[in-house]
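S.K.: For reference, the structure I am asking about is given below.
Just so you know, all these numbers are worked out from the coordinates, no wet-lab data involved. Since the model is a prediction, treat every value here as computed from it, not as a measurement. Glycine gets a Cβ as well: all are built from the backbone with ideal geometry, and neighbour counts include every protein chain shown.
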Amino acid sequence: MDGTGQPADERRDWMGLLARAEARALDRLWRGLELAPGFAWLRPPETGTVMLRGRAGAVGAPFNLGEMTVTRASLRLDCGAVGHAWVQGRDRSKARIAATVDALMQTEAAETIRAGLLAPLQQAEAGRRAARAATAAGTQVEFFTMVRGEE
């Protein structure tokens, strides 16, 4: 469990889904829910950079790969639930929606959010992954060798 009473891996999953979601799809689904909870900013959306680190072969010594622009936000709903978000890029609206959804997932609105927003985002992501996998499979090369007779 994390500090919100949610299983940590479940919360990690929805926060990751929100961060990876296309901004237009997230905004459309959010507006469709017609939720407008009252909240106060703990940290209004702000843009900055984070250093990305990598490892050669996933086991080598870590090295600085480069910087990525991110926008983060934190808020507290009037009911007391706290939501956080980190999203790639400069989209402050996406960060606000993601932080609001994170907070609402800790309330009685969780099932509404799950059905009306998270499930469609998961389906869209699965579709994008399947399309990417199909494209990659089309470029796959199979190598084989012929066995020569022994002399």
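S.K.: Taking ARG11 as the residue in question, decide whether it is surrounded by 10 or more Cβ atoms within 10 Å (Cβ to Cβ) and either in contact (Cβ under 8 Å) with a residue 24 or more places away in the chain or at positive phi (or both).
M.R.: Against the criterion (surrounded by 10 or more Cβ atoms within 10 Å (Cβ to Cβ) and either in contact (Cβ under 8 Å) with a residue 24 or more places away in the chain or at positive phi (or both)), ARG11 qualifies.
S.K.: Are any of the residues in region 87-100 more than 20 Å from LEU42 (Cβ to Cβ), assigned to a helix (DSSP H, G or I) and under 12 Å from the mean Cα position of the chain (by Cα)?
M.R.: Checking region 87-100: not a single residue is more than 20 Å from LEU42 (Cβ to Cβ), assigned to a helix (DSSP H, G or I) and under 12 Å from the mean Cα position of the chain (by Cα).
S.K.: Could I ask something else about it? Taking the stated definitions as given, is LEU75 touching a residue at least 24 places away in the same chain (Cβ under 8 Å) and closer than 16 Å to MET15 by Cα?
M.R.: yes
S.K.: Can you pull out the residues in region 76-86 that are outside any loop (DSSP other than H, G, I, E, B) and within 17 Å of ALA40 (Cα to Cα)?
M.R.: ARG76, LEU77, VAL82, GLY83, HIS84, ALA85
S.K.: If you don't mind, another one. Got a number for residues in region 48-75 being within 20 Å of the chain's Cα centre (by Cα) and either part of a helix (DSSP H, G or I) or over 28 Å from ARG129 (Cβ atoms) (or both)?
M.R.: 3
S.K.: Still on this structure: Restricting attention to region 102-151, and to residues there that are among the polar types (S, T, N, Q) and without any contact (Cβ under 8 Å) to a residue 40 or more places away in the chain, which single residue is surrounded by the most Cβ atoms within 10 Å (Cβ to Cβ)?
M.R.: THR107
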